[in-house]
Structures are given as C-alpha cells and as structure tokens.
Amino acid sequence: MIHTAITWLTDVIFRLGYVGITLLMALESSLVPFPSEVVLPPAGYLAAQGRMSVPLVVGAGLLGSMIGALFNYFLAAKLGRPLLHKYGTYLLIKEAKLVRAEEFFRRHGAISMFIGRLIPVIRQLISLPAGVAKMRLDLFAIYTALGAGIWCAILTYIGWYLGRHATVVAEFDQLVAQYAGRATLALAPLVAIVIVVYVLRQRSRKRRSSEDGDSSGISEPGSVEDRAGE
C-alpha cells in the first residue's frame with residue numbers, strides 16, 4: 001500500500017510539478033495528518049534523474065510549509081482562545097494554566113517555533129499555540145521558515161541521494177523512513193545546543209538587567225544623607 005502511495009505521489013508531483021509539492025506540503029503543515037516524508041523524497045528522487053531542480057523542490061516545499069503553518073496560526077488566533085475558554089474545563093485546562101502557557105509562548109515563542117519544526121508530529125501542531133498566544137507574525141514567519149527549510153532540505157537530499165544510487169522504487173519507502181529516522185536523531189544534538197545557548201543567553205540578560213536595576217537604585221554619595229540632615 002505504501003509502495004502504491006509513493007508511486008502515485010511521484011506521478012502527481014511529476015504531473016503538477018512544483019505546484020503539486022507546494023499543495024501537498026501545505027496539507028502536511030496544516031491539521032491534515034499527511035507526512036512530508038512521502039512528498040519531498042520522491043521529488044528529490046526525480047531531481048536526481050534530472051526531471052526536477054533540487055533548489056526549486058526545497059523552495060516549493062518551504063512555501064507549502066509556510067502556507068500550512070500560517071493557516072494553523074490564523075485559525076488558532078481567531079478561534080483558539082475562545083474555544084479553549086469555552087471548552088477548556090472539559091479538557092481539564094484551567095484558566096491559570098492557559099494564561100501561563102500563553103505567557104510562556106510570548107516570551108519563548110521564537111525558539112519554540114524553530115525547535116518544534118524539527119520534531120516529528122510537533123511540527124504540524126506548533127503553529128496552534130503560536131496563534132493562540134498571538135505571537136508576533138514576523139517572528140513566527142522567520143523561525144518557522146528556518147526550521148521548515150532545514151527539514152525540507154534534509155528530506156529532499158534523502159530522495160536525491162537514493163535516486164543517485166539507483167535505488168529500486170520497491171525499497172524506496174523503507175529507505176526513506178530509515179534515513180529520515182537517522183536525520184531526526186542527528187538533529188537531536190543541534191536542538192540540544194540551541195536550547196543550551198538560548199538558556200545561557202536568557203540567564204545572561206536577566207543577570208545584566210538585574211545588575212543595571214541595582215546600579216540605578218544606588219543613590220549618589222551624600223545625596224540622601226545630606227537631605228535627611230538638612
């Protein structure tokens with residue numbers, strides 16, 4: 001069945017070209033449970049055969065990812081909070097928890113978007129809390145594009161690599177799953193480094209802010225004492 005789906009998708013992508021990639025990736029980044037692993041690797045495979053262009057495949061995949069992510073963002077921004085307020089008690093979501101979650105995303109939304117786009121399953125859902133918290137749209141777009149661009153490039157390269165090595169189509173889906181799993185594991189150290197650097201920078205900013213606050217509260221020599229003695 002998977003082999004049939006891969007063959008069909010390859011045919012669809014070849015017929016519709018980059019528009020087909022964009023539409024399928026827009027579905028993948030929206031609420032539709034449609035894996036990107038069955039879209040970009042076949043396109044990369046076609047690129048290895050000279051029937052498509054790798055940069056244009058990545059660009060079309062990124063464009064589709066952005067369309068789907070923005071759809072989720074605006075949907076959540078429009079309907080998310082009212083629905084959570086109305087039905088949150090049935091989902092065991094208290095008002096205080098909702099407020100804390102929104103505050104967290106306002107403060108750390110950028111890094112959350114970037115990392116979330118690199119993690120399976122989460123990449124399809126991370127736009128929803130961003131919309132509920134009404135994250136700044138420019139930051140949302142930038143960090144979504146960074147994370148989605150990396151993942152699109154990885155999947156396209158996997159397909160291109162398999163195409164260059166003349167992999168038979170019958171083995172293609174299994175090898176894509178295998179290499180995509182390896183890529184996800186390989187991204188783990190990158191994600192860890194990004195988190196560590198971000199935490200250290202946040203602590204450094206808080207420390208500098210605290211020091212600046214303390215220094216501004218120190219009165220000039222003799223000012224307070226002199227006025228008290230007058």
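Spacing of the modelled spin labels on Leu75 and Gln174, each 7 Å from Cα toward Cβ, amounts to 3.5 nm.
Taking other C-beta atoms within 10 angstrom as a stand-in for reagent exposure, Leu125, Leu155, Leu62 fall in the order Leu125, Leu62, Leu155, fewest first.
Work out the FRET efficiency for Ala192 and Glu103 from their Cβ-Cβ distance, taking R0 = 30 Å, and round it to the nearest 0.05. Show your work: numbers first, answer last.
Details: r = 25 Å, r/R0 = 0.82.
Approximately 0.75, to the nearest 0.05.
Residue exposure proxy: Met25, Met52, ordered by other Cβ atoms within 10 angstrom of their Cβ from fewest to most, comes out as Met52, Met25.
Each value in this text was obtained by applying a stated rule to the coordinates, not by laboratory testing. Keep in mind it's a predicted model, so treat the numbers as computed, not measured. Virtual Cβ from ideal backbone geometry, glycine too; neighbours counted across all protein chains shown.
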